[in-house]
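Read through the structure below, which is laid out as structure tokens, and then see the notes.
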Amino acid sequence: KPRLFSGMQPSAQSLHIGNYVGALQQWRDMQDAYDAFFCVVDLHAITVPQDPAALREQTRRTAAQYIAAGIDPAKSTLYVQSHVPAHSQLAWVLNTITGFGEASRMTQFKDKSSRYGADATTLGLFAYPTLMAADILLYGAEAVPVGDDQKQHVELTRDLANRFNSRFGETFVVPEPIILTETARIYDLQNPESKMSKSAASENGVVWLLDEPAKTAKKFKTAVTDAEREIRFDRGAKPGVSNLLTILSSFTGTAMPALEEQYVGRGYGDLKKDVADAVVAAFEPVRARALELLDDPAELDRVLAANADRAAEVADVTLKAVYDRIGLLPRG
Ligand code: TYM
């Protein structure tokens, strides 16, 4: 089977609906056709200010949500990034073939450095994309299912793989980003011109997978729309309504033109209620299962440890080949 790699940062208590439809759902649907590696990228999460006790808890919670959403740790390799040291080790090597200029062009770096300020603009934040490239390249992944915001990082990964291969000989598989165009970008419910994000300004704009159903329903009820009455998909003119339609389409499996037709002559209240119902119905079992898994952290940690061993076996082979190609003297 071809290899697949993807990951999410444990940077909040819960994943949000953008992570779910932009990535997690695709992961679940692809795990049978691929030899898949799903990582909780804790080393990425420390590139911005963070709280150690919260990070530990969030790492488990993120893993529990992967499993609850349908990732099977017996089929796919589901593990924590820091448990496999080869990620950091390969990232260092990749740093030495990455230009300062090309890393400076990464829009996520520019966004985060302006959001967190000069003191938090660290070398770690700057090197975020080379660690991500290491994640992908260690496993020879052909497919990398992500949301739209990660496309630039996967493209840098492709450039680095090609550069290394041409400088030191064929070593890396050149990966492809897999992006579902319809759901590649989910927007904040309160501020539908910006991407929904774990660090959003308004808590009401973000729909969390682990929120209580009543809270989720309320967030949709108070979602920002516009002063018109017509329900149609038009990203530019009607960002709020279009975002709700995108979410509903994804959760019901109804394509956009057919969905628009269902709402001819109906009001925004109907649309909001239907989206809320569809999301709550899908999230409720996932939430319940995640909380159940979190009731037994020792068992969860055992699963993660066994999966990290499996990941390390693959990763260490790649790292060894890389060290050899670049001329590091093997330890005798
Ligand atoms: P992270 O944790 O920010 O996001 C996890 C995944 O969710 C997608 N996503 C969205 N999709 C649609 N709409 C949104 N509003 C939205 N917000 C987030 C992201 O595109 C991502 O697929 N750098 C990655 C983590 C990572 C990674 C990797 C991914 C580290 N190493 C290797 C793939 C391969 C990130 O920031 O994810």
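What follows is calculated from the coordinates using simple rules that are stated; it is not laboratory data. This is a predicted model, so every value here is computed, not measured. Positions of Cβ are backbone-derived with ideal geometry, glycine not excepted, and every protein chain shown enters the neighbour counts.
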Taking R0 as 22 Å, what's the FRET efficiency between Glu182 and Thr222 from their Cβ-Cβ distance, rounded to 0.05?
0.35
Place +1 on the Cβ of every Lys and Arg and -1 on the Cβ of every Asp and Glu in the chain, take the dipole about the Cα centre, and give the residue among Val40, Pro52, Leu259 whose Cα lies farthest towards its positive end.
Pro52
Residue span Asp119 to Thr107: 0.36 nm per residue of separation minus Cα-Cα distance leaves a gain in nm of 2.5 nm
Pop the C-beta distance of Phe233 and Ala321 into the FRET formula with R0 = 51 Å and round what comes out to the nearest 0.05.
0.60
Give me the base-10 log of I(q)/I(0) for the range 9-87 at each q in 0.14, 0.26 Å⁻¹, Debye formula, one uniform scatterer per Cα, rounded to two decimals.
-0.45, -1.32
Computed E for Arg331/Ser194 - FRET, C-beta separation, R0 51 angstrom, nearest 0.05
0.55
Counting other C-beta atoms within 10 Å, and keeping those with at most 11, which DSSP coil trypsin sites (Lys or Arg not before Pro) do you find in the range 223-332?
Arg229, Arg331
Per GNM of the chain with C-alpha springs under 10 angstrom, the most fluctuating residue out of Ser11, Ser199, Ser242 is Ser199
Candidates Pro129, Pro257, Pro177; GNM for the chain (alpha-carbon contacts under 10 Å) flags as most fluctuating Pro257
Going by Cα centres, the range 294-332 and the range 206-239 are how many Å apart?
42
In whole Hz and in residue order, list the ³J(HN,Hα) couplings for the range 182-193 that follow from phi through the Karplus curve 6.51 cos²θ - 1.76 cosθ + 1.60, θ = phi - 60°; x for Gly and Pro.
4, 10, 5, 8, 9, 9, 5, 5, 8, 9, x, 8
Quick check: pseudo-label points 7 Å beyond the Cα along Cα→Cβ at Glu170 and Gln262, how many nm apart are they?
4.9
Nearby lysines by direct alpha-carbon distance to Lys273 (threshold 28 angstrom, same-chain neighbours under 8 apart not counted):
Lys195, Lys198, Lys215, Lys218, Lys219, Lys221, Lys238
Computed for the chain: size of charge dipole around the Cα centre, +1 on C-beta of each Lys and Arg, -1 on C-beta of each Asp and Glu, debye to nearest 20, value 460
Sort 22-28, 96-102 by the packing proxy (mean of other Cβ within 10 Å over each peptide's residues), most packed first.
22-28, 96-102
Treating only Lys and Arg (+1) and Asp and Glu (-1) as charged, each at its beta carbon, one finds that the range 12-60 has a dipole about its Cα centre, in Debye to the nearest 20, of 120
When N counts the residues of the range 177-222, how does its alpha-carbon radius of gyration compare numerically with 2.2 N^0.38 Å, as a ratio?
1.23
